[in-house]
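Okay, so here's the structure we're looking at.
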Amino acid sequence: MGQYYIIDFDSTFTQVEALDELARISLKDHPGREEVYQQIEHLTNLAMEGKLSFADSLEGRIKLLKANRNHLDLLVKHLRKKVSPSFSRNNKFFKNHQDEVLIVSGGFKEFITPVVSEYHIKKENIYANDFEFDAEGNIVGYDRKNPLSQEGGKVKLLKELNLPGDIFGIGDGYSDFQLKESGLIKTFFAFTENIERKSVVEKADHVTPSLDEFLYINRLPRAISYPKNRIKCLVVGNVEEEALSQMRKEGYNIRHQEEILDEYLQQAGVLFCDENHQPTPEQLQNAGRLKVIGCFGKINNRKVLDAACENGIIIFDDPKHNPRSADFIPKRVIAFMNEGKTHISCNFPDLQPPRINNAHRLIHIHKNIPGILAKINEVFARHNINIVGEFLVTNPQIGYVITDVDAGYDEQVLSELKSIEHTIKFRLLY
(Lines give C-alpha, C1' and ligand atoms only; values in the text may rest on other atoms or scores of the structure.)
Protein backbone atom coordinates (compact mmCIF):
# COMPACT_ATOMS: atom_id res chain seq x y z
CA MET A 1 0.00 0.00 0.00
CA GLY A 2 1.69 3.20 -1.19
CA GLN A 3 0.84 6.82 -1.89
CA TYR A 4 -0.12 8.14 -5.31
CA TYR A 5 -0.25 11.71 -6.59
CA ILE A 6 -2.86 12.46 -9.26
CA ILE A 7 -1.93 15.76 -10.91
CA ASP A 8 -3.89 17.81 -13.45
CA PHE A 9 -2.12 19.43 -16.41
CA ASP A 10 -3.91 22.58 -17.60
CA SER A 11 -3.62 25.52 -15.18
CA THR A 12 -1.88 23.19 -12.71
CA PHE A 13 1.27 21.62 -14.16
CA THR A 14 1.26 24.52 -16.61
CA GLN A 15 0.15 28.09 -16.07
CA VAL A 16 -2.29 28.03 -18.98
CA GLU A 17 -5.12 26.08 -20.61
CA ALA A 18 -3.45 24.33 -23.53
CA LEU A 19 -6.44 24.23 -25.87
CA ASP A 20 -6.92 27.97 -25.37
CA GLU A 21 -3.26 28.49 -26.27
CA LEU A 22 -3.57 26.18 -29.27
CA ALA A 23 -6.46 28.31 -30.52
CA ARG A 24 -4.27 31.42 -30.35
CA ILE A 25 -1.67 29.64 -32.47
CA SER A 26 -3.98 27.99 -35.01
CA LEU A 27 -6.29 31.01 -35.45
CA LYS A 28 -3.53 33.62 -35.54
CA ASP A 29 -4.50 34.79 -39.05
CA HIS A 30 -8.25 34.17 -38.73
CA PRO A 31 -10.22 37.44 -39.22
CA GLY A 32 -12.64 36.65 -36.40
CA ARG A 33 -10.02 35.19 -34.05
CA GLU A 34 -10.83 37.33 -30.98
CA GLU A 35 -14.47 36.24 -31.00
CA VAL A 36 -13.43 32.59 -31.40
CA TYR A 37 -10.86 32.89 -28.59
CA GLN A 38 -13.58 34.15 -26.28
CA GLN A 39 -15.90 31.31 -27.22
CA ILE A 40 -13.21 28.71 -26.49
CA GLU A 41 -12.21 30.30 -23.18
CA HIS A 42 -15.88 30.51 -22.18
CA LEU A 43 -16.38 26.80 -22.87
CA THR A 44 -13.22 26.02 -20.87
CA ASN A 45 -14.33 28.01 -17.84
CA LEU A 46 -17.86 26.59 -17.86
CA ALA A 47 -16.46 23.05 -17.67
CA MET A 48 -13.84 23.89 -15.04
CA GLU A 49 -16.49 25.45 -12.83
CA GLY A 50 -18.86 22.50 -13.25
CA LYS A 51 -21.46 24.51 -15.18
CA LEU A 52 -21.15 22.52 -18.42
CA SER A 53 -20.35 18.85 -18.93
CA PHE A 54 -16.73 18.24 -19.85
CA ALA A 55 -17.79 16.23 -22.93
CA ASP A 56 -19.87 19.11 -24.32
CA SER A 57 -17.11 21.61 -23.58
CA LEU A 58 -14.47 19.48 -25.29
CA GLU A 59 -16.65 18.88 -28.34
CA GLY A 60 -17.29 22.57 -28.75
CA ARG A 61 -13.66 23.60 -28.37
CA ILE A 62 -12.30 21.04 -30.84
CA LYS A 63 -14.74 22.24 -33.52
CA LEU A 64 -13.49 25.81 -33.12
CA LEU A 65 -9.73 25.05 -33.14
CA LYS A 66 -8.95 24.43 -36.83
CA ALA A 67 -5.51 23.14 -35.84
CA ASN A 68 -2.97 20.70 -37.31
CA ARG A 69 0.23 18.87 -36.33
CA ASN A 70 2.44 21.89 -37.09
CA HIS A 71 0.40 23.95 -34.67
CA LEU A 72 0.92 21.27 -32.02
CA ASP A 73 4.71 21.51 -32.42
CA LEU A 74 4.49 25.27 -31.76
CA LEU A 75 2.21 24.65 -28.79
CA VAL A 76 4.66 22.24 -27.15
CA LYS A 77 7.47 24.81 -27.42
CA HIS A 78 5.18 27.38 -25.82
CA LEU A 79 4.00 25.10 -23.00
CA ARG A 80 7.56 24.19 -22.02
CA LYS A 81 8.01 27.87 -21.13
CA LYS A 82 4.73 27.94 -19.23
CA VAL A 83 5.32 25.20 -16.65
CA SER A 84 4.17 26.49 -13.25
CA PRO A 85 7.21 27.90 -11.38
CA SER A 86 6.66 25.75 -8.30
CA PHE A 87 6.62 22.63 -10.50
CA SER A 88 9.80 23.71 -12.28
CA ARG A 89 11.78 24.19 -9.09
CA ASN A 90 10.59 20.89 -7.60
CA ASN A 91 11.86 18.66 -10.40
CA LYS A 92 13.59 16.52 -7.76
CA PHE A 93 10.23 15.50 -6.28
CA PHE A 94 9.12 14.08 -9.62
CA LYS A 95 12.43 12.29 -10.07
CA ASN A 96 12.14 10.67 -6.64
CA HIS A 97 8.50 9.65 -7.12
CA GLN A 98 8.41 8.47 -10.72
CA ASP A 99 6.28 5.44 -9.89
CA GLU A 100 3.75 7.33 -7.77
CA VAL A 101 3.08 10.48 -9.85
CA LEU A 102 0.31 10.26 -12.45
CA ILE A 103 -0.74 13.02 -14.82
CA VAL A 104 -4.49 12.70 -15.35
CA SER A 105 -5.93 15.29 -17.69
CA GLY A 106 -8.79 16.03 -20.05
CA GLY A 107 -6.13 17.50 -22.34
CA PHE A 108 -4.28 15.59 -25.05
CA LYS A 109 -1.23 13.35 -24.98
CA GLU A 110 0.15 14.95 -28.14
CA PHE A 111 1.12 18.07 -26.19
CA ILE A 112 1.16 16.79 -22.60
CA THR A 113 3.65 13.93 -23.00
CA PRO A 114 6.55 15.96 -24.46
CA VAL A 115 6.16 18.59 -21.72
CA VAL A 116 5.85 16.42 -18.59
CA SER A 117 8.36 13.79 -19.78
CA GLU A 118 11.10 16.34 -19.10
CA TYR A 119 10.11 16.11 -15.42
CA HIS A 120 10.74 12.36 -15.14
CA ILE A 121 7.02 11.51 -15.55
CA LYS A 122 6.77 8.01 -17.01
CA LYS A 123 4.82 7.75 -20.27
CA GLU A 124 2.77 4.90 -18.84
CA ASN A 125 1.70 7.25 -16.03
CA ILE A 126 0.30 9.90 -18.40
CA TYR A 127 -3.44 9.59 -18.88
CA ALA A 128 -5.05 11.99 -21.34
CA ASN A 129 -7.08 12.15 -24.55
CA ASP A 130 -5.92 11.42 -28.09
CA PHE A 131 -6.50 13.58 -31.16
CA GLU A 132 -7.70 12.15 -34.46
CA PHE A 133 -6.13 13.50 -37.65
CA ASP A 134 -6.98 13.41 -41.34
CA ALA A 135 -4.47 12.55 -44.10
CA GLU A 136 -3.19 16.16 -44.18
CA GLY A 137 -2.51 16.21 -40.45
CA ASN A 138 -5.50 18.36 -39.51
CA ILE A 139 -7.19 17.71 -36.17
CA VAL A 140 -10.65 16.43 -37.02
CA GLY A 141 -11.72 14.94 -33.69
CA TYR A 142 -10.68 12.78 -30.78
CA ASP A 143 -11.07 9.24 -29.46
CA ARG A 144 -14.52 9.23 -27.88
CA LYS A 145 -13.93 5.80 -26.35
CA ASN A 146 -11.32 7.26 -24.03
CA PRO A 147 -13.01 7.74 -20.63
CA LEU A 148 -11.24 11.09 -20.20
CA SER A 149 -13.24 12.52 -23.12
CA GLN A 150 -16.47 11.86 -21.25
CA GLU A 151 -18.26 13.50 -18.34
CA GLY A 152 -16.79 12.20 -15.08
CA GLY A 153 -13.88 10.76 -17.06
CA LYS A 154 -11.29 11.06 -14.29
CA VAL A 155 -13.57 9.14 -11.94
CA LYS A 156 -14.08 6.39 -14.53
CA LEU A 157 -10.33 6.14 -15.15
CA LEU A 158 -9.42 5.89 -11.48
CA LYS A 159 -11.98 3.16 -10.96
CA GLU A 160 -10.30 1.21 -13.76
CA LEU A 161 -6.80 1.79 -12.36
CA ASN A 162 -7.78 0.65 -8.85
CA LEU A 163 -4.58 1.99 -7.30
CA PRO A 164 -3.57 0.22 -4.05
CA GLY A 165 -2.98 2.97 -1.51
CA ASP A 166 -3.75 6.51 -0.45
CA ILE A 167 -4.35 8.87 -3.36
CA PHE A 168 -3.82 12.64 -3.28
CA GLY A 169 -5.38 14.80 -5.99
CA ILE A 170 -3.97 18.16 -7.13
CA GLY A 171 -5.89 20.31 -9.61
CA ASP A 172 -7.74 23.52 -10.30
CA GLY A 173 -11.01 22.33 -11.84
CA TYR A 174 -14.33 20.70 -11.09
CA SER A 175 -13.28 17.42 -12.71
CA ASP A 176 -10.46 17.20 -10.17
CA PHE A 177 -12.85 17.73 -7.27
CA GLN A 178 -15.08 14.96 -8.65
CA LEU A 179 -12.38 12.47 -7.65
CA LYS A 180 -12.81 13.50 -4.03
CA GLU A 181 -16.59 13.57 -4.36
CA SER A 182 -16.52 10.00 -5.66
CA GLY A 183 -14.56 8.79 -2.63
CA LEU A 184 -11.69 7.53 -4.79
CA ILE A 185 -9.01 9.82 -3.36
CA LYS A 186 -8.01 10.54 0.22
CA THR A 187 -7.41 14.29 -0.06
CA PHE A 188 -8.13 16.91 -2.73
CA PHE A 189 -5.85 19.96 -2.98
CA ALA A 190 -7.25 22.91 -4.94
CA PHE A 191 -4.24 24.33 -6.79
CA THR A 192 -4.42 28.14 -7.03
CA GLU A 193 -0.97 29.22 -8.25
CA ASN A 194 -2.41 30.12 -11.65
CA ILE A 195 -6.16 30.50 -11.19
CA GLU A 196 -8.53 30.32 -8.25
CA ARG A 197 -11.99 28.97 -9.00
CA LYS A 198 -14.33 29.74 -6.12
CA SER A 199 -16.60 26.75 -6.78
CA VAL A 200 -13.60 24.40 -6.52
CA VAL A 201 -11.80 26.09 -3.61
CA GLU A 202 -14.95 25.95 -1.46
CA LYS A 203 -15.08 22.15 -1.77
CA ALA A 204 -11.39 21.35 -1.40
CA ASP A 205 -9.79 19.65 1.60
CA HIS A 206 -6.87 22.06 1.29
CA VAL A 207 -6.03 25.08 -0.84
CA THR A 208 -2.45 24.98 -2.10
CA PRO A 209 -1.12 28.19 -3.73
CA SER A 210 1.93 26.29 -4.99
CA LEU A 211 3.42 22.82 -5.18
CA ASP A 212 5.78 23.95 -2.41
CA GLU A 213 2.80 24.21 -0.06
CA PHE A 214 1.56 20.73 -0.99
CA LEU A 215 5.00 19.21 -0.41
CA TYR A 216 5.41 21.11 2.87
CA ILE A 217 2.05 19.96 4.25
CA ASN A 218 2.82 16.35 3.37
CA ARG A 219 6.46 16.54 4.57
CA LEU A 220 7.85 15.64 1.16
CA PRO A 221 11.25 16.74 -0.23
CA ARG A 222 11.05 20.20 -1.81
CA ALA A 223 13.20 22.88 -3.39
CA ILE A 224 12.55 25.47 -0.69
CA SER A 225 12.24 24.78 3.01
CA TYR A 226 9.25 26.99 3.71
CA PRO A 227 6.50 27.96 1.22
CA LYS A 228 6.51 31.63 0.27
CA ASN A 229 2.74 31.88 0.64
CA ARG A 230 3.22 31.33 4.39
CA ILE A 231 5.56 34.33 4.65
CA LYS A 232 3.80 37.66 5.17
CA CYS A 233 5.23 40.70 3.40
CA LEU A 234 4.10 43.77 5.35
CA VAL A 235 3.84 46.91 3.17
CA VAL A 236 3.68 50.35 4.80
CA GLY A 237 3.97 53.70 3.04
CA ASN A 238 4.55 54.56 -0.60
CA VAL A 239 5.76 51.36 -2.29
CA GLU A 240 5.31 51.07 -6.05
CA GLU A 241 3.18 48.31 -7.52
CA GLU A 242 6.13 47.15 -9.64
CA ALA A 243 7.96 46.11 -6.48
CA LEU A 244 4.94 44.29 -5.06
CA SER A 245 4.34 42.53 -8.37
CA GLN A 246 7.77 40.90 -8.10
CA MET A 247 6.94 39.66 -4.61
CA ARG A 248 3.55 38.32 -5.70
CA LYS A 249 5.23 36.37 -8.50
CA GLU A 250 7.43 34.77 -5.86
CA GLY A 251 4.30 33.79 -3.96
CA TYR A 252 4.57 36.07 -0.90
CA ASN A 253 1.49 36.93 1.15
CA ILE A 254 1.21 40.73 0.73
CA ARG A 255 -0.36 42.71 3.61
CA HIS A 256 -0.90 46.49 3.42
CA GLN A 257 -1.11 48.63 6.56
CA GLU A 258 -1.14 52.40 7.14
CA GLU A 259 1.54 52.26 9.82
CA ILE A 260 3.99 49.82 11.40
CA LEU A 261 2.26 48.36 14.42
CA ASP A 262 3.83 45.71 16.65
CA GLU A 263 1.05 43.17 16.04
CA TYR A 264 1.62 43.27 12.26
CA LEU A 265 5.41 43.46 12.33
CA GLN A 266 5.65 40.46 14.65
CA GLN A 267 3.83 38.34 12.04
CA ALA A 268 5.89 39.51 9.06
CA GLY A 269 8.88 37.81 7.46
CA VAL A 270 9.49 40.73 5.07
CA LEU A 271 8.89 44.46 5.56
CA PHE A 272 8.61 46.95 2.68
CA CYS A 273 8.47 50.58 3.84
CA ASP A 274 9.30 54.07 2.63
CA GLU A 275 11.50 56.75 4.19
CA ASN A 276 8.62 58.17 6.23
CA HIS A 277 7.48 54.85 7.66
CA GLN A 278 10.30 52.97 9.39
CA PRO A 279 10.33 50.59 12.36
CA THR A 280 11.79 51.66 15.69
CA PRO A 281 14.74 49.82 17.28
CA GLU A 282 12.36 48.61 20.00
CA GLN A 283 9.98 47.11 17.43
CA LEU A 284 12.83 45.20 15.81
CA GLN A 285 13.77 43.66 19.15
CA ASN A 286 10.39 41.90 19.20
CA ALA A 287 10.07 41.03 15.48
CA GLY A 288 11.20 37.42 15.80
CA ARG A 289 9.97 36.32 12.35
CA LEU A 290 11.33 39.31 10.44
CA LYS A 291 14.21 38.42 8.15
CA VAL A 292 14.58 41.33 5.75
CA ILE A 293 13.58 44.99 5.32
CA GLY A 294 13.37 46.72 1.95
CA CYS A 295 13.28 50.49 2.48
CA PHE A 296 12.39 52.67 -0.52
CA GLY A 297 14.45 55.58 0.71
CA LYS A 298 17.23 55.98 3.28
CA ILE A 299 17.24 54.39 6.73
CA ASN A 300 17.61 57.58 8.70
CA ASN A 301 18.33 56.21 12.17
CA ARG A 302 21.63 54.52 12.94
CA LYS A 303 20.02 52.77 15.91
CA VAL A 304 17.60 51.03 13.52
CA LEU A 305 20.54 49.64 11.51
CA ASP A 306 22.26 48.42 14.68
CA ALA A 307 19.09 46.89 16.16
CA ALA A 308 18.35 45.09 12.89
CA CYS A 309 21.87 43.68 12.75
CA GLU A 310 21.76 42.57 16.39
CA ASN A 311 18.53 40.69 15.67
CA GLY A 312 19.69 39.07 12.43
CA ILE A 313 17.53 41.29 10.18
CA ILE A 314 19.10 42.42 6.93
CA ILE A 315 18.22 45.82 5.41
CA PHE A 316 18.35 46.98 1.79
CA ASP A 317 17.68 50.71 1.39
CA ASP A 318 17.90 53.41 -1.28
CA PRO A 319 19.80 56.44 0.11
CA LYS A 320 20.14 58.04 -3.36
CA HIS A 321 16.43 57.66 -4.20
CA ASN A 322 17.20 55.73 -7.36
CA PRO A 323 14.27 55.83 -9.82
CA ARG A 324 14.72 52.08 -10.35
CA SER A 325 14.43 51.19 -6.64
CA ALA A 326 11.06 49.53 -7.38
CA ASP A 327 13.06 47.01 -9.36
CA PHE A 328 16.39 46.52 -7.57
CA ILE A 329 15.18 46.49 -3.94
CA PRO A 330 12.75 43.56 -4.39
CA LYS A 331 15.40 41.77 -6.45
CA ARG A 332 17.88 42.13 -3.58
CA VAL A 333 15.27 40.96 -1.06
CA ILE A 334 14.39 37.95 -3.22
CA ALA A 335 18.08 37.09 -3.75
CA PHE A 336 18.59 37.10 0.02
CA MET A 337 15.50 35.01 0.74
CA ASN A 338 16.26 32.49 -2.01
CA GLU A 339 20.05 32.32 -2.01
CA GLY A 340 21.29 34.13 1.11
CA LYS A 341 22.96 36.90 -0.92
CA THR A 342 23.63 40.13 1.00
CA HIS A 343 25.04 42.35 -1.78
CA ILE A 344 24.42 46.12 -1.26
CA SER A 345 22.89 45.60 2.17
CA CYS A 346 23.40 48.63 4.41
CA ASN A 347 23.91 46.63 7.63
CA PHE A 348 25.16 43.11 6.75
CA PRO A 349 28.60 42.08 5.45
CA ASP A 350 28.67 41.51 1.68
CA LEU A 351 28.35 37.92 0.45
CA GLN A 352 27.30 36.60 -2.97
CA PRO A 353 27.71 32.81 -2.82
CA PRO A 354 27.25 30.78 -6.02
CA ARG A 355 24.40 28.28 -6.06
CA ILE A 356 25.68 24.72 -5.67
CA ASN A 357 23.48 22.13 -7.35
CA ASN A 358 22.27 19.06 -5.46
CA ALA A 359 23.07 20.63 -2.10
CA HIS A 360 21.19 21.88 0.94
CA ARG A 361 21.86 25.47 2.03
CA LEU A 362 21.79 26.61 5.66
CA ILE A 363 22.30 30.13 7.05
CA HIS A 364 23.73 30.85 10.49
CA ILE A 365 23.82 34.41 11.87
CA HIS A 366 25.66 34.91 15.13
CA LYS A 367 27.44 37.46 17.25
CA ASN A 368 30.95 38.14 15.95
CA ILE A 369 32.76 36.04 18.54
CA PRO A 370 35.74 33.76 17.70
CA GLY A 371 35.14 30.02 17.46
CA ILE A 372 31.55 29.92 16.19
CA LEU A 373 32.47 28.51 12.77
CA ALA A 374 34.36 25.66 14.43
CA LYS A 375 31.29 24.83 16.51
CA ILE A 376 29.09 24.81 13.41
CA ASN A 377 31.46 22.42 11.66
CA GLU A 378 31.63 20.20 14.74
CA VAL A 379 27.87 19.62 14.44
CA PHE A 380 28.18 18.53 10.80
CA ALA A 381 31.16 16.30 11.58
CA ARG A 382 29.36 14.64 14.47
CA HIS A 383 26.47 13.71 12.16
CA ASN A 384 28.76 12.63 9.27
CA ILE A 385 27.45 15.38 6.99
CA ASN A 386 29.83 16.42 4.21
CA ILE A 387 30.27 20.17 3.57
CA VAL A 388 30.52 20.98 -0.15
CA GLY A 389 30.72 24.75 0.23
CA GLU A 390 31.09 27.18 3.11
CA PHE A 391 31.22 30.98 3.21
CA LEU A 392 31.88 33.25 6.21
CA VAL A 393 31.83 37.05 6.31
CA THR A 394 31.77 39.35 9.35
CA ASN A 395 31.31 42.93 10.45
CA PRO A 396 31.92 44.32 13.96
CA GLN A 397 28.53 43.04 15.14
CA ILE A 398 27.80 39.72 13.42
CA GLY A 399 29.19 36.69 11.69
CA TYR A 400 27.26 35.45 8.66
CA VAL A 401 27.82 31.85 7.57
CA ILE A 402 26.35 29.99 4.60
CA THR A 403 26.97 26.24 4.54
CA ASP A 404 26.08 23.93 1.63
CA VAL A 405 25.90 20.23 2.50
CA ASP A 406 25.39 17.26 0.20
CA ALA A 407 23.31 15.04 2.50
CA GLY A 408 19.95 15.13 4.17
CA TYR A 409 19.71 16.04 7.81
CA ASP A 410 17.29 15.40 10.63
CA GLU A 411 15.72 17.73 13.19
CA GLN A 412 18.51 16.98 15.66
CA VAL A 413 21.08 18.60 13.37
CA LEU A 414 18.97 21.74 13.01
CA SER A 415 18.32 21.86 16.74
CA GLU A 416 22.04 21.67 17.55
CA LEU A 417 22.90 24.44 15.08
CA LYS A 418 20.22 26.71 16.56
CA SER A 419 21.42 26.05 20.11
CA ILE A 420 25.07 27.05 19.51
CA GLU A 421 25.90 29.82 21.98
CA HIS A 422 25.67 33.37 20.55
CA THR A 423 23.40 32.27 17.67
CA ILE A 424 21.12 35.12 16.58
CA LYS A 425 19.19 33.46 13.74
CA PHE A 426 19.34 30.16 11.91
CA ARG A 427 17.55 29.49 8.64
CA LEU A 428 17.19 26.57 6.29
CA LEU A 429 16.93 27.83 2.68
CA TYR A 430 16.56 24.66 0.65
### Summary
With the dipole of the chain defined by +1 on each Lys or Arg Cβ and -1 on each Asp or Glu Cβ, the option from Thr342, Leu261, Tyr119 whose Cα lies farthest towards the positive pole is Thr342
### Task
For region 1-96, calculate the relative contact order in percent as a whole number, restricting contacts to Cα pairs under 8 Å that are 6 or more residues apart.
36 percent
### Task
Can you give me the three principal axis dimensions of region 108-162 from its C-alpha atoms, in Å, biggest first?
38, 29, 13
### Query
What is the distance in Å between the Cα centres of region 142-163 and region 334-413?
50 Å
#### Entry: Rg to Rh quotient for the chain, alpha carbon positions, Kirkwood Rh
1.04
### Task
Taking every pair of Cα atoms in region 1-94, average 1/r, invert it to obtain the Kirkwood radius, and report Rg/Rh to two decimals.
1.03
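Please report the antiparallel percentage of DSSP beta bridges with both residues in the chain, rounded to the nearest 5.
40 percent
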## Note on the structure
Dipole check, the chain, charges on Cβ (K,R +1; D,E -1), about Cα centroid: among Leu19, Ala326, Asn368 the Cα furthest to the positive pole belongs to Asn368
### Query
With every protein chain left in place, what is the accessible area of Tyr216 in Å² (1.4 Å probe, nearest 10)?
70 Å²
### All Cα pairs of region 59-155, percent lying beyond 15 Å
66 percent
#### Entry: Spin-label pair Lys123/Lys367, simplified geometry with 7 Å Cα→Cβ offset, distance in nm
6.3 nm
## Note on the structure
Share (percent) of C-alpha pair distances in region 350-430 greater than 22 Å works out to 17 percent
### Message
What FRET efficiency comes out for Lys159 versus Asn70 if R0 is 35 angstrom and r is the Cβ-Cβ distance? Round to the nearest 0.05.
### Response
0.40
### Message
Can you list residues from other chains, or at least 5 along the same chain, whose modelled amide H is less than 5 Å from the amide H of Gly297?
### Response
Asp318
### Message
Compute a Gaussian network model of the chain, connecting alpha carbons closer than 10 Å, and tell me which residue from Asp212, Asp327, Asp176 fluctuates the most.
### Response
Asp327
#### Entry: For region 196-240, alpha-carbon Rg over 2.2 N^0.38 Å
1.50
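Please list Lys425, Lys367 from largest to smallest accessible area, probe radius 1.4 Å, with all protein chains kept in place.
From most exposed to least exposed: Lys367, Lys425.
The values are calculated or read from the model by the stated rules, or taken from the named source; none is laboratory data. Everything quoted here is computed from the prediction, not taken from an experiment. Please note: Cβ atoms are built from the backbone with ideal geometry, for glycine as well, and neighbour counts cover all protein chains shown. In case anyone asks, the SASA skips ligands and DNA or RNA and just uses the protein heavy atoms, side chains included. Shrake-Rupley method; radii C 1.70, N 1.55, O 1.52, S 1.80 Å.
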